[in-house]
Amino acid sequence: MVSALSLANGLTLLFAALCLWTMAAQSRGGVTTLGRVALPGGFAVMATLMLLAGVFEASFLFDFLWVVAFAIGSAIGRIRGWMLSVQSNRESGLVSLPATVDGLIAALILVALSLVDFSSAMIGEALIEPGYIAAGSAACAGFLGYRVLVIALRVVRPTPPDNMSRVA
């Protein structure tokens, strides 16, 4: 069952488009603030939660699929966040990121899923089951969210000097 076209569908598409717009600026690389690095992940989570709320015929399969997709996306995002070469200046609060395309691809997938949801609501028939759309968006949001979480941890956490060993 698909709901009629409503403000929620439009807001979902808006959050996904904002995610893409902020991620496009970030994917070019360069120096930015940590707050701007976090924007795409926040917009992706908002769009995903709105898509999840649009699943009316919830079942154990869709719930399980959503959680698994979020976990897989989060694990991949965490790994990618550690792989990026991030440099930070703690005095000015700026972060230097390399040019990457991975976040842009995840944001594009999120926009495509939001467009499918919007189109389904507009015609009144599900093009793709809403549970699958929510699961796909959960994978994208998990990736973008955990990617920025790891980047933030790397920037904020002090690094020990090279000549000192860690004390357990």
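The values are calculated or read from the model by the stated rules, or taken from the named source; none is laboratory data. Here the structure is a predicted model, which means the values were calculated and not measured. Neighbour counts run over all protein chains shown; Cβ positions are idealised from the backbone, glycine included.
Test V95 against the criterion of being assigned to a strand (DSSP E or B), over 15 Å from the mean Cα position of the chain (by Cα) and in contact (Cβ under 8 Å) with a residue 24 or more places away in the chain, and give yes or no.
Judged against the criteria, V95 is a match.
Quick one: which residue in S85, S27, S59 is more than 20 Å from R154 (Cβ to Cβ) and either of a type outside the set (S, T, N, Q) or over 11 Å from the mean Cα position of the chain (by Cα) (or both)?
Within the list S85, S27, S59, the selection yields S59.
Among the residues of segment 112-132, what is the count of those that are surrounded by fewer than 24 Cβ atoms within 10 Å (Cβ to Cβ), in a helix (DSSP H, G or I) and in contact (Cβ under 8 Å) with a residue 24 or more places away in the chain?
7
Rundown of residues vs (1) among the β-branched types (V, I, T); (2) surrounded by fewer than 18 Cβ atoms within 10 Å (Cβ to Cβ), yes/no style:
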position: V67; (1), (2): yes, yes
position: F70; (1), (2): no, no
position: G73; (1), (2): no, no
position: G77; (1), (2): no, no
position: G81; (1), (2): no, no
position: Q87; (1), (2): no, yes
position: L94; (1), (2): no, yes
position: P98; (1), (2): no, yes
position: G103; (1), (2): no, no
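Go through segment 1-89 and tell me which helices (runs of 4 or more DSSP H), entirely inside it, have 3 or more residues that are touching a Pro at 6+ places or on another chain (Cβ under 9 Å).
Ranges flagged: 7-27.
Please pick out the residue among L65, L51 that is modelled with pLDDT under 90 and closer than 14 Å to S137 by Cα.
Of the residues listed, the single one that is modelled with pLDDT under 90 and closer than 14 Å to S137 by Cα is L51.
Return yes when R80 is farther than 11 Å from C140 by Cβ and touching a Lys or Arg at 6+ places or on another chain (Cβ under 7 Å) and no when it is not.
Yes.
I need a count of the residues in segment 135-155 that are more than 26 Å from G54 (Cα to Cα) and among the small types (G, A, S).
Counting residues in segment 135-155 that are more than 26 Å from G54 (Cα to Cα) and among the small types (G, A, S) gives 1.
When only residues in segment 1-58 that are within 16 Å of A107 (Cα to Cα) and of a type in the set (S, T, N, Q) count, which is surrounded by the fewest Cβ atoms within 10 Å (Cβ to Cβ)?
Selected residue: S27.
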